[in-house]
Each structure stands twice: as C-alpha cells, then as structure tokens.
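Q: Below: one structure in structure tokens.
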Amino acid sequence: MKISSVLNLRYLPRWIIILIDTFLSFISIILSYLFRFNFNTEQITSDLFARGVLVTVNVYLISFLVIQSYKEIIRHTTLQGILKILMAVFSAHVFLITLNILFTQLAGVLVVPYSVLFIDFFISICMLSGSRIFIKKIFETATKINKEPVIIFGADYMGQAILKTILYDQLSDWKVVGLIDDDPTKKGKNLAGIPIYHLDQINKLFKKYSVERVIIADNNISVERRNEVASFFIDRRIKVSILPPSFQASPNPFKIHRLRDIKIEDLLEREPIKINNQEINSTLKGKRILVTGAAGSIGSEIIKQAAKFEPQALILCDIAESPLHSIGLELEEEFKDANYKLFIANICDKKRMEYIFENFKPNIVFHAAAYKHVPMMEEHPREAVFNNVLGTKVIADLAVQYSVERFVMISTDKAVNPTNVMGASKRVAEMYIQALSNNHETSAKTLFITTRFGNVLASNGSVIPRFRSQLERGGPLTVTHPDITRFFMTIPEACQLVLEAAVMGKGGEIFVFDMGKSIRIVDLAKKMISLAGLKPGEDIEILFTGLRPGEKLYEEVLSEVEATLPTYNEKIKIAKVKPVSYFFIKDSLNNLVAAAKNGSDWQCVTVMKEIVPEFISRNSKFEKLDAVTNVTIEVTKSSVDNIFEAI
C-alpha cells in the first residue's frame, strides 16, 4: 500500500476493533493452553480445551463492551487507551476466577485451569496492547516519511509541549530528530524517545539528518542567549522558529500555528526594560493626552501604551487620513473603553491647533509629528523648517497658553552635530523647547521635556521594511556605504522610555536613551538574507549605492561638548546641553521661518547654520555654504593679524 493511501485511511469502525480484540483473545487463550502443557496436545482434553476457550473468549467480549476499550482510535493510542486494555483484561480474569470458584463448588469442575489463566493474563495484555502500539508505530513511520527534520532547542516545559504537539499531530510537516539544551545534566538522555544533545554536539545531528529548522522553545532563555543561538543556526542557513512572548505567557494549550519564523527585529531586541509603571500610572491616569503625529510609528505606539494607564481622553492628531483612521480602529479593538478623538490637522495651522487646545484642554502633550527622512528634507529644507520648527513652536506656544502640565518632544540623534537639514531642523526645535523651559514665565506654566534617540525598528520607511521588500523582489539589497552604522531600538522600547522620561522630567532636560551597540547596515542586510534561507553574495547581491545627501556614516546621541547625568533608570540619561537664551532663539526662529516663507532654500539653510553653528553639511549641495563660512573666518583672522602687525 502506498504511503498516501495509508495516510488517507479512514478510522476503523468500532465493530471491527471488537472483532480484532476478540480474535486476539482467542489466540491468547490457545497459546496459554499450549504453553501450560509444553505444546503436548495429548495432555489437553477436548472438553477442557473447548470449554475454556469458549468461556474465556465470551468473557473477554463482555469485558471489552463494558470497559469500552474499543472506542480508542488505534493510530492515536495513548497511555489512557493502554490502561483501558489492562482494565478489560483484569476484569475478564476476575470474572473467570469467580466462575472457577462457583463451578468448583457447584459442579466440581474448573472452567479454565488457574495456571492457564495466569499465563493468559500476560499474553493477552502483550497481544492487545502490543497490537495497538505496533499499528500506531506503522502510522507514525508512514507519516514521517518526507517530513522536514527539525530540532527543538530547550527540553523544559515549553520544549516538551512543542515536542508532544508535533509527535501527535500527523498533519504537521515536521518530525523532531533531536532536542538541544544548555543544561549539561540532560545531555545523553531521551525525551519521548528523542535524544537530547548539547549545542557542542550539533555536528552529530547535522551529519545524521539534513536539518532545515530549529525551534527555540526555552522560555527561560535570555534575549541575548536566544539571539546568540539563533545566529548560530542562521549562519549555517538553518531556519529558526520561535514562540512569541505573548503566547509563552498564554494559559491555553500550545498550537503549532503559534510558532513563527524569527525576524530581524527579534535578533536586534534587547532584554525587556524595567519602567516605573506606578509612577507613570499616577501621572497619566485620568489625564487628557494629546499626541501629534499620532498615525506615525512612534505616535501610534505612545497612544497604545498610554491607553493602558486609563487616561481621561486621548486626542490623536495627524495630517495623514488613512493611517489615523487605522489607529482609531486598533484602539476600538484593543481598548474598547478608551475615550479618544481623531483630528485631521496640520500642526503648522495655528487656528486648527488652537481649536484642539481650546476644546479639549490637554494636560499632557506628546509631540511626535515631524518630517524625518534625511534625503527628502535635504531637497525640501523649507518644508523641514515649517513642519519640524514652526510646527513645534505652534504646539509649544499653545501648551504655554493653555497651561499644559507637561510637553514632551520626540527628537532624534540626528540633531547631534547635524550634517543634514532634517537633523538641524530638529536641533533648532530642541533649542526652542529648552529656551521655553529656561524662561521663567513659560516654565512656570509647563514642564518642557525633550527625548532624543536613534532609529526605531520597522518604522515607516526605515531600512528593514525596505530590505524586506527588496528581498521579496529577488534583490539586490541596496546599502549606501560598507561602513555605515546606525543605532536601533524597538518601537515599544523607545516609547516605554519616552513615557518614563515624561514622568521623571522636571523641566528643561534633554533625555538620551541607551541605544546599545551601533550596527553595521551591511551586516543587517547579510543577516536578513540568511534569515530568508539564502546566501549573501550568491543568491542575493548587496549593492553599495553611495552616501545619500546629508547622510552620516555614523550617528551620535551626544555632541563632543555634551556630557550626561544619570537617572534612576540606567537606560535613560540627561544630556548636559549649553543653555539657550529664549529671546535669541525666538528672534532667530522668526528669521528662519521668514526665510523659509519668502526666501530660497539656500537662504533658509544659511539662517539654519547661523542658529546651529555645528551644522556642517555632508555629501550635500549645501556644503558650499560651509566653504563660504570658512573663507569668511580665514579672512577675518587675516585682517586681525594685519591689524596687530600695523600696531
């Protein structure tokens, strides 16, 4: 019979199972007589034999019907099914012994010799239970053919649950060929017949099986160790599956469909951060919270995290209609009791924004709205000024006017020693927020707080979604420079720290987050290719396109003149930034906005460089402005020297 035919067999009807069990009991009692009399048939009288076989088989049949051992599906036999067989055999023999006692007293004859019953007890158990196990093994062997061999990393509770599910799921495309565990005491042992190895023995499995996948099932493993193990297998072009944390904590039984392939975001994750939820709760609960840029990656996550602390109202403001509508639908599903309001609005439109402040009087503002793409802003510097600078000024001024308790601005590491228009515009916005906090009139009404961090994983337009789409098209993956590096955080981690900083801020701080180690983008590209089961440079090419306008090779979270102060959260530090005069930045900002409205891109960037002296363009057409500035400095220095010589 073909394997496909075996797999498609229907379950046997119950009456056939009863017939099979009855037939096996018939064979068992015959063998018991033969064993008892050493296969010497002359010693077995026909009356004794016929009576014993007939009564025993009928008693077994009655026992099977009463115990209902026939209801067990043979190909899925479990320990419970074997126990039912034991109960049926035991019950039958108790009944036969009772019959023997009764017939001995009443008629002086034995129904079945006790020695035969003793032998039959063991033979029948072996035959009935053995037949089930044998049939089950045939089906298991048939269903394992052409299945994908997998390894489970972790032999504790979660690993055992996954192993059990795969073993008993005949529709699964996997067969477990081994388990791996870091615990050396488990090395060399078996679990459900599957050997347990240590990671240093992995080559044995590789030689024996063509392993294509490993399932990381250790729920006690650290994120760092999980990523180390995952990278070990990915580098050997083996697929890695994991169980998401939400399912690890789930009380529901494990299901194979809960497993998913590990993603690059998982490999860049760090240990979960610890935040002061009690302090955040006391600050956000019952408050009216306005989030600008609410449809963006950061804004939408801030909303979801803030919604957990039961604010009185959430005001979601963004200019992007469809994404804003989507986040509203998500709130309805995840936070059914949340009181929220969606507003389509441009943060530069003072009247529209004033309407929001007037009617909803927010207590806390998270200002996440901003243009963030460096090459785009390098081509459109005036738009960067309008949105990132003027928009911030509009929201911040209204926060003071309507006595908002806390104003939290989301900045970027690109504001540090900016080499592009986007970073410079965010630095100007930082300076204005800091100046408002230093001004006694405004700081008395509102606490102004700035948070500064780098790239967030999988945000709109970031490198990871771009690489993913390029992989789907078959490559190549485009990287601007072999040595370019970036800091990365997950969106939830960044937003958790934003909430923490918002609570701990006393006004005027620029909080910088621990971004971990910077990552080479080319290494990121290679890892994503390997995650797809492909080989970098062979299956998928990596193409270097050159630095884009305004792009740095590496990012910084602090300038050379900035230092930090610690906070109670080791992941958050306070940047010591030179204070800025409110009147200086106010006048400078007005000049910048006027240049953006009435002047050219060149005039706009010129004013920006005057406000932010450390703004030195890189790989940009605006480098010419820096050259002019340098010449002016040299001329001034030469003139001073001439004056001293004349004296």
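The values are calculated or read from the model by the stated rules, or taken from the named source; none is laboratory data. In this text, all values refer to a predicted model and were calculated from it rather than measured experimentally. Cβ atoms come from the backbone with ideal geometry, glycine included; neighbour counts cover every protein chain shown. Heavy atoms of the whole protein, side chains included, go into the accessibility calculation; ligands, DNA and RNA do not. Shrake-Rupley method; radii C 1.70, N 1.55, O 1.52, S 1.80 Å.
Q: What tally of residues in region 515-527 results from selecting those that are open to solvent by 50 Å² or more (accessible area, probe 1.4 Å), part of a helix (DSSP H, G or I) and in contact with a strand residue (DSSP E or B) (Cβ under 6 Å, 6 or more places away or on another chain)?
A: 1
Q: When only residues in region 415-450 that are out of contact with any Asp or Glu (no Cβ under 9 Å at 6 or more places or on another chain) and hydroxyl-bearing (Ser, Thr, Tyr) count, which is nearest to TYR371 (Cα to Cα)?
A: Filtering region 415-450 for residues that are out of contact with any Asp or Glu (no Cβ under 9 Å at 6 or more places or on another chain) and hydroxyl-bearing (Ser, Thr, Tyr), the one nearest to TYR371 (Cα to Cα) comes out as SER425.
Q: Could you tell me how many of the residues in region 262-296 are under 24 Å from LEU243 (Cα atoms) and touching a strand residue (DSSP E or B) at 6+ places or on another chain (Cβ under 6 Å)?
A: Counting residues in region 262-296 that are under 24 Å from LEU243 (Cα atoms) and touching a strand residue (DSSP E or B) at 6+ places or on another chain (Cβ under 6 Å) gives 2.
Q: Could you check region 278-369 for helices (runs of 4 or more DSSP H) lying wholly inside it with 2 or more residues that are over 22 Å from ILE449 (Cα atoms)?
A: Passing ranges, in order: 321-334, 350-360.
Q: While we're looking at this one, here's another question. I want to confirm something. Restricting to region 18-44 and keeping residues that are open to solvent by less than 80 Å² (accessible area, probe 1.4 Å) and not in a helix (DSSP H, G or I), which single residue is nearest to LEU99 (Cα to Cα)?
A: The qualifying residue nearest to LEU99 (Cα to Cα) is ILE44.
Residues checked against (1) touching a Leu at 6+ places or on another chain (Cβ under 8 Å); (2) open to solvent by less than 20 Å² (accessible area, probe 1.4 Å); (3) more than 25 Å from ILE433 (Cα to Cα):
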site: PHE583; (1), (2), (3): no, no, no
site: ASP587; (1), (2), (3): no, no, no
site: VAL605; (1), (2), (3): yes, yes, no
site: LYS609; (1), (2), (3): yes, no, no
site: ILE616; (1), (2), (3): no, no, no
site: LYS621; (1), (2), (3): no, no, yes
site: LYS624; (1), (2), (3): no, no, yes
site: ALA627; (1), (2), (3): no, no, yes
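Q: Something else now. Looking at region 274-300, which of the residues that are closer than 19 Å to GLU493 by Cβ and under 22 Å from the mean Cα position of the chain (by Cα) is surrounded by the fewest Cβ atoms within 10 Å (Cβ to Cβ)?
A: Per the stated criteria, the residue is LYS274.
Q: Name every residue in region 184-225 that is farther than 21 Å from ARG237 by Cβ, in a loop (DSSP other than H, G, I, E, B), open to solvent by 40 Å² or more (accessible area, probe 1.4 Å) and touching a strand residue (DSSP E or B) at 6+ places or on another chain (Cβ under 9 Å), in order of residue number.
A: LYS187, GLY188, LYS189, ALA192, HIS198
Q: Related question: So, in region 432-481, exactly how many residues are of a type in the set (Val, Ile, Thr) and not in a helix (DSSP H, G or I)?
A: Qualifying residue count, region 432-481: 8.
Q: State all residues of region 19-69 that are among the charged types (D, E, K, R) and farther than 12 Å from VAL89 by Cα; if no residue qualifies, say none.
A: Listed by number, the residues that qualify are ARG36, GLU42, ASP47, ARG51.
Q: Note down all Cβ pairs under 8 Å where the first residue falls in region 210-239 and is in contact (Cβ under 8 Å) with a residue 24 or more places away in the chain, the second is among the polar types (S, T, N, Q), and they're at least six residues apart or on different chains.
A: Note: pairs meeting the criteria are ARG213/SER241; VAL214/SER241; ILE215/SER241; ILE216/SER241; ASN219/GLN248; ILE234/SER530; ASP235/SER530; ARG237/SER530.
Q: Mind checking whether some residue in region 528-547 is β-branched (Val, Ile, Thr), within 30 Å of GLU383 (Cβ to Cβ) and outside any loop (DSSP other than H, G, I, E, B)?
A: Scanning region 528-547 turns up no residue that is β-branched (Val, Ile, Thr), within 30 Å of GLU383 (Cβ to Cβ) and outside any loop (DSSP other than H, G, I, E, B).
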